[in-house]
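**Student:** Next up is a structure, given as structure tokens.
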Amino acid sequence: GHAVQTAQTNLVGLVLGILQGVCCPTGMIGIAALASLPAFGIIVFLVVFVLLSVLGMGAIAFGWASLVRSSAMSASCTRMLYRGSCSVTIILGAGWVLANFLGVLDRLDYADRNT
């Protein structure tokens, strides 16, 4: 019934979230940073990174879910927000890949210049 469908939806969301986290550039940067740290530094880094990531993403997800579930939001508005979010993500990702392909990514990725 409804409870099974909700559990399946939550499981799919969990799996997609883990996949996104593993593929996220921030996660990859964190892994690269770990290579240069001593054992204690790795432990501290992991604890702080996970704690702040969980709290930060949790706060954003909570705020977004609260906005979407509020009675002021109609189903069509919620759908439009979802599609807009997906579209922006896809456009930014495609733009990043294109900039990398064209060799101009270094002009956009200003933070990489300092490393």
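The values are calculated or read from the model by the stated rules, or taken from the named source; none is laboratory data. Fair warning: this is a prediction, and the values are worked out from it, not measured in the lab. Quick reminder, even Gly has a Cβ in these numbers, built from the backbone with ideal geometry, and neighbours come from all protein chains shown. Each accessible area value is taken on the protein alone, full model and side chains, heavy atoms only, with ligands, DNA and RNA left out. Shrake-Rupley method; radii C 1.70, N 1.55, O 1.52, S 1.80 Å.
**Student:** Tell me, yes or no, whether segment 16-28 has at least one residue that is over 13 Å from the mean Cα position of the chain (by Cα) and surrounded by 10 or more Cβ atoms within 10 Å (Cβ to Cβ).
**Tutor:** No: zero hits.
**Student:** Based on this model, can you work out whether LEU16 counts as assigned to a helix (DSSP H, G or I) and under 28 Å from TRP96 (Cβ atoms)?
**Tutor:** yes
**Student:** Do we have GLY13 as open to solvent by less than 60 Å² (accessible area, probe 1.4 Å) and modelled with pLDDT of 85 or more here?
**Tutor:** no
**Student:** Against the definition (part of a helix (DSSP H, G or I), among the hydrophobic types (A, V, I, L, M, F, W, C) and either modelled with pLDDT under 75 or in contact with a His (Cβ under 6 Å, 6 or more places away or on another chain) (or both)), how does ILE31 come out, yes or no?
**Tutor:** In short, yes.
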